[in-house]
Amino acid sequence: MSDVREDGALALEWVASYLERLREYPVLARVEPGEIRAALPASPPEEPDAFADVLRDLDRALLPGLTHWQSPRFFAYFATTSTEPAILAELLSAGLNQVGILWRTSPALQELEEVTLDWLAQLLGLPAGLHGHLEDTASTATLVSLAVARATSPGRRVVVASEQAHSSVDKAARLLELELRRTPTDREFRLRPERLELGDACAVVATVGTTSSASVDPVAEIAARCADAGVWLHVDAAYAGAAAVCPELRGHFAGWERADSVVVNPHKWLGVPTDCSALWTRRPDDFRNAFSLVPEYLRADEDVASLSEYSQPLGRRFRALKLWAVLRCHGRSGLQERIREHVRLASLFEAWVRDEPGWEVVAPRHFSLVCFRREGPDEENERLLERVNASGEVFLSHARLADRYTLRLAIGNFRTTEDDVRLAWDVLRREAGR
């Protein structure tokens, strides 16, 4: 059996050493399918192994198969960071092992979650009085929000979103047996409110910070259309929502205060490890009407609604602890400093691309994502990205915008410096010249 003091010290040392050595690893895993499985025993051990042996196998068998999301040179998708306070809070959460099926099964879990979501709403400039709770991902937050929208408008079976909306909207519509209607976007990849068809819609999903280009739908106009038609408005700000901690960036979020539900992922751009997705609503009674189901064995005397009555899962873990630790240990000023630095670095990279002959910026930059490409056929850009990622020095991803293969560089890791961004640009130019 493991000794928590001795083996815990080994684990903490492993994590600290890993974080210090992140720039030494190839960012993208360099293994073939099945290679990690082949490095592991086919059967479980008959006798207990020492925890030190687990750590050795982590180094030997698993580390080669890791894509290092913690790397400051991870620029693909939307970069994430698990900061030190959150890492330690995850340890505490596992040690406490709370299960929040009811308020009484962990009053601290529920009430800290409520307080922390209120803190975060204040930091982002959201209106007072919203009901907030944590989901695992924005995909789940979107699913449950659309389920509530369907329940409030039982005769309507259509969800409307832009061509650029996240694929989680497609999946939610499929699971809820709703029809998804895609609305065209303009030249800046924003939903066109005048093209909304809401007669048979139960919900509209507007996005602030789309996955492909971080475009910003005109939420204020969409909210007005939804209010007139009696249609639920869900705002997906999973990536970009964190930027609202900076007052100078809040103009991008105009109108989100009128939404019926809003999702922001602290695990994308606020230094919190996955899974931690914040969902707020101004219509909590509709959530409770859609999801509250308390069987006899869970009935209690307390006159309090449990968080399990506002979403699909019954059990919930102590997710708020890591968010609480980050908000306390970074504070408003620390979070603003990181967001502003990432926006500055993205602006710098964008300028390098614009100033370099043979390269072009493909979409407006609102936050810390730059969409760009090498002038030439899609196939050349695809091969360029493959070479860049195969180098192991950095990791970027792609999207298709205006039917063109587009490269994406997303800055969001708290450890990323200007030197890391410069390296990405140097690798891109080097591989483009081959």
Tell me, what is the per residue accessible area of region 93-200 in Å², probe radius 1.4 Å? 47
Could you check which residue among PRO41, PRO193, PRO284 shows the biggest mean-square fluctuation in a GNM of the chain with a 10 Å Cα cutoff? PRO41
Carbon and sulfur together cover what percent of the accessible area of region 315-392 at a 1.4 Å probe radius? 44
Largest-first ranking of LYS171, LYS268 by accessible area, probe 1.4 Å, whole protein assembly kept, is LYS171, LYS268
Need one number: % antiparallel among DSSP beta bridges in region 147-213, to the nearest 5. 10
Cβ neighbours within 10 Å, averaged per peptide: list 321-330, 183-192 in order, most packed at the top. 321-330, 183-192
Mean accessible surface per residue for region 313-406, computed with a 1.4 Å probe while every protein chain stays in place, in Å²: 43
Heavy-atom accessible area with a 1.4 angstrom probe orders THR406, THR80, most exposed first, as THR80, THR406
Quick note, region 305-395: a/c under 1.5 would make it rounded; otherwise a/b > b/c is prolate and the rest oblate (a ≥ b ≥ c, C-alpha gyration tensor); here it is prolate
If you take the square roots of the eigenvalues of the alpha-carbon gyration tensor of region 58-196 and sort them as a ≥ b ≥ c, do you get rounded (a/c under 1.5), prolate (a/b over b/c) or oblate? oblate
Working with all protein chains in place, sort ASP228, ASP200 by solvent-accessible area computed with a 1.4 Å probe, largest first. ASP228, ASP200
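The values are calculated or read from the model by the stated rules, or taken from the named source; none is laboratory data. Since we're looking at a predicted model, the values are computed, not measured. Every residue, glycine as well, gets a Cβ built from its backbone with ideal geometry; the counts of neighbours run over all protein chains shown. Please note that ligands, DNA and RNA were not included when accessible areas were found on the heavy atoms of the full protein model with its side chains. Shrake-Rupley method; radii C 1.70, N 1.55, O 1.52, S 1.80 Å.
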